[in-house]
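Colleague: Please read through the structure below; I'll follow up with questions.
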Amino acid sequence: MSVGLINIIRLLVDIYATVLLVRLLLQLVQADFFNPLSQTIFKVTAPIVEPLHKIFPTIGRFNTATLAAAILTKWSFYLIILSLDSGSPSQIALYLAVAAFSLFETLIEIYFYGILIIAISSWIGTTSHPTVRLVNQIIDPYMKPFRKIIPPLGMIDLSPMVAIFTLIFIRGQLLPVMNSLF
């Protein structure tokens, strides 16, 4: 299989796993279900999540079926590559852990870009846009501790900058250490 085709498959799997992770976050924060983007995400992910509800129950607001779907989606890419390279079947369980770790990296990226979207939209005055409001609902639980510790200085809020630096630290320092375990 060509490298280009593998990269296209990886891109499609990553996009769908990210959409599944966003669905998980939407349900976790109880975001606006009537938002058009929210409804689109739920419709796109329903074919894989709904059958898994029979196996994985929802615990409070945490939808374990959506998390399982995201992990299985990422894992499917590794299974495809493993089957093409005739790799060892003993590595299948290891790739499940790698898929879960990869989702953690994706979660960091969602929060990173979400904070950037919120910051830029506040600069240009589009905070009332439905998509920006939805992103704000997802990002707000992560931002609350930073806003409590760092109060705004007049009209300047430094908490998004500190939150982004925290994500950069986690991505640059902690993830490589965790990645070396696999």
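Colleague: Suppose we filter ILE149, ILE110, ILE115, ILE81 for residues that are farther than 26 Å from ALA46 by Cα and in contact (Cβ under 8 Å) with a residue 40 or more places away in the chain; which single one remains? Lay out the reasoning, then the answer.
Modeller: Working: ILE149 fails: in contact (Cβ under 8 Å) with a residue 40 or more places away in the chain; ILE110 fails: farther than 26 Å from ALA46 by Cα; ILE81 fails: farther than 26 Å from ALA46 by Cα.
Every option except ILE115 fails the conditions.
Colleague: Quick test for you: out of MET161, MET155, MET143, pick the one residue that is among the hydrophobic types (A, V, I, L, M, F, W, C), within 24 Å of ARG23 (Cβ to Cβ) and without any contact (Cβ under 8 Å) to a residue 40 or more places away in the chain. Before you say what the answer is, go through the steps one by one.
Modeller: On the way: MET161 fails: within 24 Å of ARG23 (Cβ to Cβ); MET155 fails: within 24 Å of ARG23 (Cβ to Cβ).
The match here is MET143.
Colleague: Quick one: SER2 ticks every box in (1) hydroxyl-bearing (Ser, Thr, Tyr); (2) within 27 Å of TYR142 (Cα to Cα); (3) without any contact (Cβ under 8 Å) to a residue 60 or more places away in the chain except a single one, so which number is it?
Modeller: For SER2, the failing item is (2).
Colleague: Scan SER180, SER102, SER122 and give me the residue that is at pLDDT below 90 and within 26 Å of VAL19 (Cβ to Cβ).
Modeller: The unique qualifying residue is SER122.
Colleague: Here's another thing I want to ask about it. List the number of the failed condition for ILE41; all other conditions in (1) in contact with a Ser or Thr (Cβ under 9 Å, 6 or more places away or on another chain); (2) without any contact (Cβ under 8 Å) to a residue 24 or more places away in the chain hold.
Modeller: Among (1) in contact with a Ser or Thr (Cβ under 9 Å, 6 or more places away or on another chain); (2) without any contact (Cβ under 8 Å) to a residue 24 or more places away in the chain, the lone unmet condition for ILE41 is (1).
Colleague: Quick check on this structure: which one of ILE15, ILE41, ILE6 is modelled with pLDDT under 90 and of a type in the set (A, V, I, L, M, F, W, C)? Don't jump to the end; show me each part of the working.
Modeller: Numbers: ILE15 fails: modelled with pLDDT under 90; ILE41 fails: modelled with pLDDT under 90.
Being modelled with pLDDT under 90 and of a type in the set (A, V, I, L, M, F, W, C) holds for just one of ILE15, ILE41, ILE6, which is ILE6.
The values are calculated or read from the model by the stated rules, or taken from the named source; none is laboratory data. Remember, it's a predicted structure, so these values are computed and weren't measured experimentally. All Cβ positions, even for glycine, are placed from backbone atoms using ideal geometry, and neighbour counts span all protein chains on display.
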